[in-house]
C-alpha cells in the first residue's frame, strides 16, 4: 500500500511555505531533496540555510531536516516530511576547496558540479565544447568523496559526466534527468552515461519536467512508466528513482533567473525559446506532490512487481543516501 | 636618450610601498601595469582598490593613478609614475556580468579571462583540455569591448586565446608572455597565436620571468634582444612591448598563493616543481625596474633602430591603451 512506503522525491524547487509542506505531508512524501542553490555564492547560500532554519523552527509539525539516511526513517516514523538539501551548481563553494566541508557540515548533502554552463569544476550541457573535469574539479571530487557530499551531474555535459563517474571513488547521482532514448534534449543522458553511472552504483532520478519527457507536456503516465521499464532493462531497477524537478508556485521571474543567473545580459531561454519562454504546462497526472501516488499506481498498472515499485519510489534513493553520506575515515 | 622616452612596463606585481615607487621613479618608468588581482573576488578586489587609494594619497610626489592614455602623458609631464590596474583572473567579476562595468569605472583597465586554470570565461594554460570561450565568456568579451576593458590572455590556453582574439571586436593583449619558439613552456605562445594577435592589432609584452625565457635565469640580455628581433620579424615591431612580470620583495608565501589560490589542497608548483619550488633566480640585468634601461641599451647594441626601440619600450603600449580604453558609443 502506497501510504506505508518510503516515498522520496529526488528533486524539487517549490515555493517554500506551510502550504507546500502540508501538501507534501498529505501526499505521503517521506523525504524531498530540496534545491537550496541555483546560482548563489557562499555568502548567499548561508542566507538560504538561515531561511530554512526559520522554516524548520516554524513548521516542526510538518517537516524536519535530514542529515543522513536514518533521519529519513525517523521522519517516516514521526509522520514528518524530511528535507535534505542540494545545490544545482558549485557556486556555494566560490573558488575555495575548504568550503566543501563547511557546506557539508551545514547540511548541503548534494552538489552539482555545474549548472548548464561551464563552471570552475566541469562543463555544463549547454556549452559547445566539453573540456571535462578541470584541475580544481579533480580536487573538489576528491574532497566531496572524503566528506560524503554527493556529486550530482544532472545539468552536466557528457564528457564531464563520464569523467566524474570515473574519477569519483563513490557512486554519483543524476538526480533529475531522463534517458536520451526517451526524449532528445540537451539535459537528457545517453545510454553510455546511464550504463557507466549504474556500473559504479550510481542513481538516476526520473524527471517530470515536461521539457525532459517524450511528447513534453502531453507525455502520458503510461509513456513515463514505459521509459522507466526500458531504463530498467538497460541498467537495472536498482539504479532508478524519481527526481521530479517540481517547481510549484514559482513565478516566471524565477525561471528567468534560473536560466540567466547574473551571467547573461541577453535573455537566455534555456530549453524554451523566445516564443515559448515560460513554464511548460504541467502534466495532468503530476501537478503537485500527490502525483507521486499516480506514478506508484501507474507502475502497478504497467506491470512492475511490488518490490520494484517501492525501489523506484524511494528505497533506492534511501539506500543510495545511506551509502553516500558517511564521512570516509 | 632613455630618460626622455615613454617607458611602460606592461606587468609588475611588486610589494607596493614607498621604496618601490621611488625605485620606479628613479628608473624613469613612466607607467606600470600593476596586478591588482590574482584570485580575489569582487569584494576582495574592492579592498585592493582601497589599499591603492591610500597609497596614492600618501605618495602624491611619486605616483598617480592612470585611467586613460592621456594620464600617462600627464604622469610623464609631472615626473610621476603612472599606475594602471589589471587583474590576472576574472575573479573580480564573480559570476556577474554587471561587475565588468563596475570594475572598469573603478579603474580595472585590463582583465585576464583566466589564470592557468579553467575559469567561468575560458580555459587556462595548465588544463589538459581547452574548451575555448564559454557562454558566459562570450558575453563578457562583448561587455569588455563595450566598456573599454582590455582582454589579456597571458595565462590562457591556445584555443581560448585564438577564440578571444577572434570574438573580440577590439584588439587584445598578452601582457606578459614570450614566444614558444624562444622557450617551450605552457605559458608561452605559439606562432599561430602571435600572428593572430598582431593581425587584429593586439600587443605582446615580453616577460622577464626566468621560467618564460630561453635558458631561464641564465638568459642573457643578448638572448632576450634576439627573441625580440625574431618576434618582430614574425609579427612586426608595432605589436611588441615589455611586460616584465617583476615581483620584487614578495615572499615565497605569495608565490604559493599565486599558484594555489584557495582551490587546491595539494601543493601545486606551477612552472616549478617540488625540488624547485621557490622564486627563480632573477636576471642580473633585470633585478629591478632599472633593468628597463638595460633593455633599452641592449636593443641599441643589438642593432634596433631608435624608433623601434622607443616603440618596444613604451610607445606601443601607449598607443594600444589609447585605442583600447575609450568606451564604445
Of all residues in segment B:120-143, how many are within 7 Å of chain A (Cβ to nearest Cβ) and within 22 Å of residue A:93 (Cα to Cα)? 7
All conditions in (1) surrounded by fewer than 21 Cβ atoms within 10 Å (Cβ to Cβ); (2) more than 18 Å from the chain's Cα centre (by Cα); (3) closer than 30 Å to residue A:145 by Cβ are true of residue A:263 except (1)
Checking the conditions here, which among A:262, A:231 is within 14 Å of chain B (Cβ to nearest Cβ) and either within 16 Å of residue A:212 (Cβ to Cβ) or not in a helix (DSSP H, G or I) (or both)? A:262
Restricting attention to segment A:287-308, the residues that are buried (at least 18 other Cβ atoms within 10 Å of the Cβ) and without any contact (Cβ under 8 Å) to a residue 24 or more places away in the chain number exactly 0
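Within segment B:95-113, track down each residue that is part of a loop (DSSP other than H, G, I, E, B) and within 11 Å of residue B:151 (Cβ to Cβ).
If the condition is that a residue be part of a loop (DSSP other than H, G, I, E, B) and within 11 Å of residue B:151 (Cβ to Cβ), then B:113 is the only one that fits.
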Can you tell me which residue is farthest from the chain's Cα centre (by Cα) among those in segment A:1-55 that are farther than 26 Å from residue A:322 by Cβ and within 14 Å of chain B (Cβ to nearest Cβ)? A:43
Would you pick out the residues in segment A:1-28 that are in contact with a strand residue (DSSP E or B) (Cβ under 7 Å, 6 or more places away or on another chain) and farther than 29 Å from residue A:101 by Cα? A:24, A:25
Would a scan of segment A:207-227 turn up a residue that is touching a strand residue (DSSP E or B) at 6+ places or on another chain (Cβ under 6 Å) and modelled with pLDDT of 95 or more? yes
Considering every residue within segment A:200-218, establish whether at least one is over 22 Å from residue A:281 (Cα atoms) and surrounded by fewer than 21 Cβ atoms within 10 Å (Cβ to Cβ). yes
Looking only at residues in segment A:79-94 that are under 13 Å from residue A:40 (Cα atoms) and not in a helix (DSSP H, G or I), which one is nearest to the other protein chains (Cβ to nearest Cβ)? A:94
Determine if segment A:86-99 includes at least one residue that is touching a helix residue (DSSP H, G or I) at 6+ places or on another chain (Cβ under 6 Å) and either on the phi > 0 side of the Ramachandran plot or surrounded by fewer than 18 Cβ atoms within 10 Å (Cβ to Cβ) (or both). yes
What are the residues in segment B:258-283 that are in contact with a helix residue (DSSP H, G or I) (Cβ under 9 Å, 6 or more places away or on another chain) and without any contact (Cβ under 8 Å) to a residue 60 or more places away in the chain, if any? B:264, B:265, B:266, B:267, B:268, B:269, B:277, B:278, B:279
State yes or no: is residue A:293 in contact with a helix residue (DSSP H, G or I) (Cβ under 8 Å, 6 or more places away or on another chain) and in a helix (DSSP H, G or I)? yes
On the basis of being within 21 Å of the chain's Cα centre (by Cα), more than 12 Å from chain B (Cβ to nearest Cβ) and within 25 Å of residue A:186 (Cβ to Cβ), does residue A:112 make the cut? yes
Can you report the number of residues in segment A:144-170 which are within 12 Å of chain B (Cβ to nearest Cβ) and either at pLDDT below 95 or assigned to a loop (DSSP other than H, G, I, E, B) (or both)? 1
Residue by residue through segment B:265-294, note down the ones that are at pLDDT below 95 and either under 19 Å from residue B:22 (Cα atoms) or within 14 Å of chain A (Cβ to nearest Cβ) (or both). B:265, B:266, B:267, B:268, B:269, B:270
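The values are calculated or read from the model by the stated rules, or taken from the named source; none is laboratory data. Everything numeric in this text was worked out from a predicted model, so none of it was measured. Glycine also receives a Cβ, built like all others from the backbone with ideal geometry; neighbour counts cover every protein chain displayed.
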